[in-house]
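Single-structure report; data block below.
The values are calculated or read from the model by the stated rules, or taken from the named source; none is laboratory data. Predicted model, so just to flag it, every value in this text is computed and none were measured. Neighbour counts are summed over all protein chains in view; Cβ atoms, including those assigned to glycine, are modelled from backbone coordinates with ideal geometry. Heavy atoms of the whole protein, side chains included, go into the accessibility calculation; ligands, DNA and RNA do not. Shrake-Rupley method; radii C 1.70, N 1.55, O 1.52, S 1.80 Å.
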Amino acid sequence: MRTNQPQTIYLNEYQVPAYLVDHVDLRFELFEDGARVHSTMAVRRNPESAQAEAPLELNGDSLKLESVSLDGSQLAGDAYEEQGDKLVVHTVPAQFELNVVTWIEPQNNTRLEGLYKSSGMFCTQCEAEGFRCITYYPDRPDVMAVFRTRVEADKAAYPILLSNGNPIEQGELEGGRHFVTWEDPFPKPAYLFALVAGDLVEKKDTFTTCSGRTIDLRMYVEPRNAAKCDFAMDALKRSMRWDEEVYGREYDLDIFMIVAVDDFNMGAMENKGLNIFNSSCVLASQETATDASFQRIEAIVAHEYFHNWSGNRVTCRDWFQLSLKEGFTVFRDAQFSADMGSPTVKRIEDATLLRTAQFAEDAGPMAHPVRPASYMEISNFYTLTIYEKGAEVVRMIHNLLGDELFRKGSDLYFERHDGQAVTTDDFVRAMEDASGRDLGQFRLWYEQAGTPVVTVSDDYDEQRGIYRLNIRQSVPDTPGQSGKKPQHIPFSLGLLDKAGEPVPLNLSAEEQGGPVERVLELTETEHSFEFHGVPERPVPSLLRNFSAPVRVQYPWSREQLLFLMSHDPDGFNRWDAGQRLAVDVIQSLVGAADDAEIEPRLVEAYRSLLNDASLDQALVAKMLLLPSEAYLVELADQADVPAIHEARQRVLTHLAESLREELVACYQRSKTQADYQLTPDAIALRSLRNTALAWLLHIKDAQGLAFALEQSRAADNMTDRLGALRALVNSDFVDEREQALAEFYDQFSDDPQVVEMWFSVQAASHQAGQLPQIQALLQHTAFDWKNPNKVRSVVGAFAGQNLAAFHKADGSGYQFLADQVCRLDDSNPQIAARLISPLTRWKKFAPQYGRQMKAALELVRNKNELSRDVYEVVLKSLAD
Ligand code: 0A1
Ligand code: ZN
């Protein structure tokens, strides 16, 4: 049990900083047994602060203070005080220079915040509050300073010394040591500080900006990864060009660097001029990365690069504004990915993530608005709500304003706030000012948590040719918020006649030949829209392209869904109709008798998908994927996971058995002859082929087995290799799967990114990932508790993806997860707090499960010395 209760921080208690830092000079002496950090800050009282006589307060965490001096004189012991996580200097002049020397131990830093070591190199992670683990500093994003950083280390062990900005000096030191000094001319918050020192190979390229400046591009990786940089480098250049063309944003420093590190809590970090990446989010080659990894890498490289403007040049005033940079930047990277590949597929993937995981978060105990009003530990707020829902909110603004006015708004935002730390409200105001639109009610998207539910009903007046849609919205209660107001929802729709032709949408009797698609703006609790001149009862296509992050309820018949699946001109809604149909069929089988009929029209719909080569194969590849167990759980109340798993498996078996011939044909037809390519078409074909293979192995088909073995043998890329392995692992071919796993591991045991995939394919598999097998993976030589990727690939994949194995009736999965969370909490609280998330939604599950999930949470709550990170999650999850 925790003894000292962590404090809650509130948005409405925000105060401007009492002191500002204009310039900071850092000197790092790096050694094997620790590092000495000398910091000299040019500090002045903030004229905007009312606290004129306030003492100077600096944040610190796990620091050993060696000395403090003010304007060159060492401070006497009573002039300052170390108060827990603060250094307080009692009396200071209006303007002064403060020098602080601290000693830290990067080699013992397992939290991976601040300065730490990963595979022998020094690296940093300062967002959100890691800089205070390096030195005492006003560690808040609204204090922006110009940084100069001198790094000193042994030259042989650490030939590469990096920090933000441009290198301005370097030289030799005594004892085989050397130094490099970097200066970043752009004022920045401390969370964007970075330092790297290591024995790394350098990959060089250049980029010429729109104004003709030549930028040096550099990637730094461990020598064994030298051949895995090309894709990320190209993705970087594509991103730089795209941001110039679409947002008019040019890069500002003379050099842009990317470093890959193996031990990293998140995906990557946008430090000014020196982005640091989790190796798995940047390193790739055809032989070791899947299509999905390539796409992820391209998106993350772009995301971090785009932050240079949306996050760095214009940053957040405080951490409640996190979505200011994250929501906007995710929206930007999604636009970029859509432009680079298939827009419909990208939209489907984003909506799937949102509906499966963000809706769940928004309905659970950690639900919070896109702009939260309070938090205990900010690291817990790097959530799907801040990132993905935040991006949807920006997307809705984009859709309400249109391309041109949105661009005008973003230009105004960047120009008006360049070099400032601002709020989400400033962002919305720039959009309003540039467009003349009133987004007053729209701001509720930032303030109210919970997923709005939009309930639609319709009637048709044949005599008058009027089709009416009645639309109601409601926003559910969430912890600490009830009685919510209606939100401003852009609701895109179309109507189809019997032949599948679009019906003109005339909103009055006078209107004729209206557009065939409209965005209705819902602002009230209830609306009724009448469409005139409609000659027959149409089928509505609602929320096209997922125009708002809401749940839509409409009493679709299976007939209508089948019709939309093959006729809707909106690709997203074709896919969505298929998903809804499959959900309906699976749900009707949950707990049903063994001989219950499985909707024959579902089989026929899938048959046409498989047979019709004229369809967009990228869309077909997505449409063939059944809704995931996680999504089915999200849709259920009082979920009985094993029953949902059974029902879904039954449908899969039935489909695979009924469509065996088509699957074999599809498998054979989808073989790509040419060399490996990353085009949307080639990606779609590999995806289709691997789905067909998985289905055949699901029914233990002998020909499928032959395909899989041959595919493993002949594959020239990881997508096909892993596709075959996954299909085998998820099959009943026990001997073959064991052999395939062993061979695969032998071949790739020296590649950590591939080993992580090898772990997660097993941990996510109902066949190969039962608890005893998970325990065995934890004992594997390649498993490492200190490496977040390994923890995620085994424990995270088991609890998050292998739902029926995790939700065992005896509660063993829950107990297991609680034990691992307790174990990790001591070494890496951020990862522990993320890992516990599957337990937090215990109220969502059938009581026999929920009770035991709750008991597991209580077990964690009772641990000694719980971190603030895990404490907050457990406390909120157990609250009434
Ligand atoms: N800003 C980064 C994500 C990030 C956040 C926190 C971290 O450490 C706690 C690390 C990275 C991004 O959006 O990519
Ligand atoms: Zn980001």
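The table for this structure:
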| read-out | value |
| --- | --- |
| Where GluC sites (Glu not before Pro) fall in DSSP loop in the stretch 444-510, at most 13 other Cβ within 10 Å | E462, E510 |
| Label-point separation, D205 to R669 (7 Å along Cα→Cβ), nm | 3.7 |
| Within the stretch 518-534, backbone nitrogen closer than 19 Å to the virtual label 7 Å beyond the Cα of I466 toward Cβ | 526-534 |
| Order by protection proxy (mean Cβ within 10 Å, highest first), peptides 412-421, 361-370 | 361-370, 412-421 |
| Extension gain, S608 back to S62 (0.36 nm per residue minus Cα-Cα distance, nm) | 190.3 nm |
| 14 Å cut-off, amide nitrogen to a point 7 angstrom out along V88 Cα→Cβ, residues in the stretch 1-33 | none |
| Tail weight of P(r) past 36 Å, computed on alpha-carbon pairs of the chain, percent | 51 |
| Difference of contour (0.36 nm per residue) and Cα-Cα distance, A592 to K700 | 36.5 nm |
| Table column - 3J(HN,Hα) (Hz), the stretch 333-345, Karplus curve with 6.51, -1.76, 1.60, x for Gly and Pro | 5, 5, 4, 4, 4, 4, 5, 7, x, 9, x, 5, 4 |
| From phi via Karplus (6.51, -1.76, 1.60), per-residue ³J(HN,Hα) for the stretch 450-466 in Hz, x at Gly/Pro | x, 8, x, 10, 10, 9, 10, 10, 9, 8, 10, 9, 5, 4, 9, x, 10 |
| Approximate spin-label separation S374-R44, in nm, with each point projected 7 Å along Cα-to-Cβ | 3.8 |
| At most 13 other Cβ within 10 Å, DSSP loop - GluC sites (Glu not before Pro), the stretch 778-880 | E865 |
| Calculated [θ] (222 nm, deg cm²/dmol) that DSSP helices of n ≥ 4 give over the chain, each run adding -39,500 (n - 2.57) | -12000 deg cm²/dmol |
| Loop-resident sites, the stretch 2-79, for chymotrypsin sites (Phe, Trp or Tyr not before Pro), counting at most 16 other Cβ within 10 Å (DSSP) | Y14 |
| Accessible area per residue, Å², the chain with all protein chains present, probe 1.4 Å | 38 |
| Hypothetical label at A52: residues of the stretch 83-106 whose amide nitrogen lies under 15 Å (7 Å Cα-Cβ projection) | 92-95 |
| Which listed pairs, of K64/K325; K86/K389; K117/K155; K155/K237; K155/K325; K346/K408, have C-alpha distances above 28 Å, in listed order | K64/K325; K86/K389; K155/K237; K155/K325 |
| Extension gain from Q747 to E349, taking 0.36 nm per residue of separation minus the Cα-Cα distance | 140.2 nm |
| Protein accessible area in the chain, 1.4 Å probe - carbon and sulfur % | 47 |
| Unit charges at the beta carbon, dipole of the chain: most positive-side option, T525, T691, Q815 | Q815 |
| Kirkwood hydrodynamic radius of the stretch 239-321, from inverse mean 1/r over distinct Cα pairs, in Å | 13.7 |
| In sequence order, calculated HN-Hα J values of the stretch 231-245 (Karplus, 6.51, -1.76, 1.60; Hz; x Gly/Pro) | 5, 5, 4, 5, 4, 4, 5, 4, 5, 5, 5, 4, 5, 5, 6 |
| Net charge dipole size for the chain [Lys, Arg +1 and Asp, Glu -1 on Cβ; Debye, nearest 20] | 800 |
